Amino acid sequence: MAKFADVIIDITHESVDRPFQYRIPEGLKDQIYTGCQVEVPFGRGNHLRSGYVVGLTDQPEYDPEKLKSIAGIKAQSVSAETQLIQMAWWMKERYGCTMNQALNTVLPVKQQVRQKEERWIRCLMDQETLAAQIRLAETKKYRARERLLKSFLETEVLPYGMAMTQLNLTRAALKPLEDQGLISVDSRLVYRDPVQDISESREKLSSGELVDLNDEQKAAVSGILAQYRQGIQKTFLLYGITGSGKTEVYLELIRQVAGEGKQVIVLIPEIALTYQTVLRFTRQFGGKVSFIHSRLSQGERYDQFERAKKGEIQIMIGPRSALFTPFSNLGLIIIDEEHEQAYKSEVTPRYHAREAAEYRAGQSGAFVVLGSATPSLETYTKALQGVYGYFKLSRRAKKNSILPRVQVVDMRQELKEGNRSVFSRPLRQLMEEKLEQGQQIMLFLNRRGYSRFLSCRSCGEAIKCPHCDVTLTLHQNGRLVCHYCGYQIRRPDCCPSCHSPYLAPFGAGTEKVEALVKEEFPQARVLRMDLDTTAKKGGHQTILAAFGGREADILIGTQMIVKGHDFPGVTLVGILAADLSLYAPDYRCGERTFQLLTQAAGRAGRDQLNGDVVIQTYSPDHYCIQTAAAQDYEAFYEKEMEYRRMLHYPPVCVMMTLLIGGTSEEAVDSAMKIAFEAVQTAPEIQTVGPVNAPIYKLNDIYRKILYMKSENYDILIKIRNQVESVLIHRGLNRQVGVQFDFL
């Protein structure tokens, strides 16, 4: 039995980002295990701190007499699973974060929250005894007791809360009856179940008839399961055109794996997808399904993890954080729409869910399925190289459903011919036809707000955020908002720079499009779905349920409306500004654009009615636009890989970024200069920069970035550790923030 424990102290600071060894007292030796949360004396004052046990040993690192003892096990804490603690350590090493940052990621609900309790009062008396007690209460004028006893004439069980409020009872009125054994107050813990809220509205949304698996789907299921049952632990890519029935393949795989008693995690990129996904899965698996995401309360999230630990649920659905569900018998991890950028964490540790899923599957003996109609170049390259298993679905699953007709409209030509509207003439004509036929329309614009920015027509200055190097977005309520830091002001009457009254909005957002649609198509019922309309809890499912229930004719939205949704009534998708993401300062902008356009186009004509798609663009000849219109992923892949090979970008190599930020420009410049000098000592890598970050000033933080490329991941890890060491040695890590990221 181990005598010593290695403990990570729960303080997010580099100086304590290592295990500290403690003695295990005799009374706790049977209770301490890897992953449990403990209280330990720490520092000169021996203040009690919480920490996590990351290792057990019989060999002390120092004089055992000088080692402090563990004070106790942390009361009312969620015990960490051993696998998740190991995963946190892997994250720390791979992504360059502190151990506590990693623990806060893999243990998202660390503190126990108050659980809901259901209580009731039960009558234990027969009718004769009850009548006698009522007479006694009347004689002694025990009015509260009399009200309670008379209620038992109608029912022998009363809900506690209702009894206390409606009968105006106190605990003192109950105690004598309890002591005599005449009544009992019983209770039980009740788990919060977010699935129930969705299930109550399930009739509003039809996901279409369930279809029998076609030959391609059967081949994918049998091929994946055959390797899994042979003990081949692998990641598989399921590449299928939009509407090809990837979800049906997931359901069959889950049915087989869950039938063996294994547990399943299903990752989805957007909260907006939760509604339809949960409905489809609960139809198949009932109460075995639950979900988590950031809009749930802390109590709801806690309850779902508790249910998972106790084996009450078998399938967990959600975005990245669902990956850390404490399942003890994990058999399958599915990552739907695996290409989505949302699977990459934007905060430290900057992990990718695909890599983390593969690591966790390796721990559990599980397998991973990546599904997409537009796979990331990294995933598709690994599939072609044989690193991943590869299965393809080349036709739509529903009978008589075909890919939609796609028109590419050159908005330059529209302007030349006098059309200054955001709607091209082909799109307007199709909208009129679909509305007359009672069919539904989706309009996609990846920009929220009423107008992109407000600019002065006299001096040309755009109104910018004082804390970020970006323009403020104009909303219909007359406020200018920064979508990065949240700063907002009322629309000014004159230009802050030259005081000219000639301020004009430029560019259109989803709010503006909504207003224009209502103006041009007054008979249409319109819904808008973006971050503003879905800010409240349940906002996503309310809008989707209404649109799926045919309560609206047109749904306008940002990218959250074009990912994975299946609305049989939608026969037209209008993509209003295909170029928005095409010229972003990111080497993946072409890939992102192709994926968005292809996914958006895939929402049309998914049932019996044929669909139409209109792509409005100022770059109609760009290969991303052309291949998306043709729904030809292979052609896009070949073109894009030519570009990546030529400029030596991933997946041809591995690229790491170093971002240094701080409130002092001088400190940022100095730290980056020292870091760059350290990087220059490694001739095996190629550097780009350092340069100002695409958004140089963000929330009053100045930021510089350095790109490093190598074909060897381990070399970049070595460089990262070297730069961190130099900055810590110089004390610069206390003046600036340092963040590494692998692209």
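In plain terms, the chain from residue 73 to residue 722 could stretch by 229.9 nm, reckoned as 0.36 nm per residue minus the Cα-Cα distance. With a simple spin-label model that places each label point 7 Å from the Cα along the Cα-to-Cβ direction, the separation between residue 143 and residue 387 comes to 7.9 nm. For residue 7, the residues 5 or more places off, or on other chains, whose built amide H falls under 5 Å of its own are 20, 21, 22, 54. Relative contact order of the stretch 588-743, taken over Cα pairs closer than 8 Å and 6 or more residues apart, is 25 percent.
Distance between the modelled labels on residue 166 and residue 691, one decimal in nanometres: 7.0 nm (7 Å Cα→Cβ projection).
Quick check: from the Cα gyration tensor, does the stretch 580-648 come out rounded (a/c under 1.5), prolate or oblate? It comes out prolate by the Cα gyration axes. Under 16 Å of direct C-alpha separation, and excluding same-chain neighbours fewer than eight residues apart, residue 464 reaches these aspartates and glutamates: 493, 700. Summed over all non-identical Cα pairs, the Kirkwood treatment of the stretch 534-651 gives a radius of 15.7 Å.
With all pairs of separate Cα atoms included, the chain yields a Kirkwood hydrodynamic radius of 29.6 Å. Across the stretch 270-360, counting alpha-carbon atoms alone, Rg and Dmax equal 12.9, 37 Å. Packing here is the average count of other Cβ atoms within 10 Å per residue, and on that basis the peptides 217-230, 298-311, highest first, run 298-311, 217-230.
Given the Cα-Cα distance of residue 493 and residue 666 and 0.36 nm per residue of separation, how much length would full extension add, in nm?
58.6 nm
Cysteines of the chain lacking any other cysteine beta carbon under 4.7 Å? Within the chain, the cysteines lacking a partner Cβ under 4.7 Å are 36, 97, 123, 485, 494, 589, 624, 653. In the chain, Cα pairs under 8 Å separated by at least six residues give a relative contact order of 10 percent. Using Stokes-Einstein with the Kirkwood hydrodynamic radius over Cα pairs, what translational diffusion coefficient do you get for the stretch 378-422 at 37 °C and a viscosity of 0.692 mPa s, in µm²/s rounded to a whole number? Reported coefficient: 218 µm²/s.
Taking 2.2 N^0.38 Å as the expected size of a compact globular protein, what ratio does the Cα radius of gyration of the stretch 327-380 give against it, to two decimals?
Compactness ratio reported: 1.16.
Working note: Cα atoms of the stretch 114-157, range along each principal axis, descending, whole Å: 42, 21, 14. Round to a whole angstrom and tell me the spacing of the C-alpha centers of the stretch 124-167 and the stretch 457-498. That distance is 66 Å.
In the calculated pair distance distribution of the stretch 614-720, what percentage of Cα-Cα distances lie above 15 Å?
Of all Cα-Cα pairs in the stretch 614-720, 71 percent lie more than 15 Å apart.
Normalised by the number of residues in the stretch 487-572, what is the relative contact order in percent for Cα pairs under 8 Å and 6+ residues apart?
Contact order relative to length: 25 percent.
Amide H contacts of residue 330: 263, each under 5 Å away and 5 or more positions distant or on a separate chain (H built 1.01 Å from N in the peptide plane; Pro and chain starts excluded). Across the stretch 231-237, computed HN-Hα scalar couplings (Karplus, 6.51 cos²θ - 1.76 cosθ + 1.60, θ = phi - 60°) run x, 7, 8, 8, 9, 10, 9 Hz from first to last residue, x flagging Gly and Pro.
Converting phi to 3J(HN,Hα) with the Karplus coefficients 6.51, -1.76 and 1.60 and the offset θ = phi - 60°, the stretch 409-423 yields 9, 7, 6, 5, 5, 4, 5, 4, 8, x, 8, 9, 6, 6, 9 Hz in sequence order, with x at every glycine or proline. By the Kirkwood approach, averaging reciprocal distances over each pair of separate Cα atoms, the stretch 126-184 gets a hydrodynamic radius of 11.6 Å. Note on residue 186 and residue 26: the extension gain reaches 53.8 nm, defined as 0.36 nm multiplied by sequence separation minus the Cα-Cα distance. By the Stokes-Einstein formula, at 1.567 mPa s and 4 °C, the stretch 477-577 with its Kirkwood radius over alpha-carbon pairs has D equal to 81 µm²/s. Counting every alpha-carbon pair across the stretch 316-473, the share separated by more than 25 Å comes to 61%. Since only 604, 182, 2 are under comparison, the one whose Cα sits farthest along the positive direction of the charge dipole of the chain, derived from C-beta charges on Lys, Arg, Asp and Glu, is 182.
Each value in this text was obtained by applying a stated rule to the coordinates, not by laboratory testing. The structure presented is a predicted model; accordingly, all values stated were derived computationally and were not measured. For neighbour counting, all protein chains shown are included, and Cβ atoms are generated from backbone atoms with ideal geometry for every residue, glycine included.
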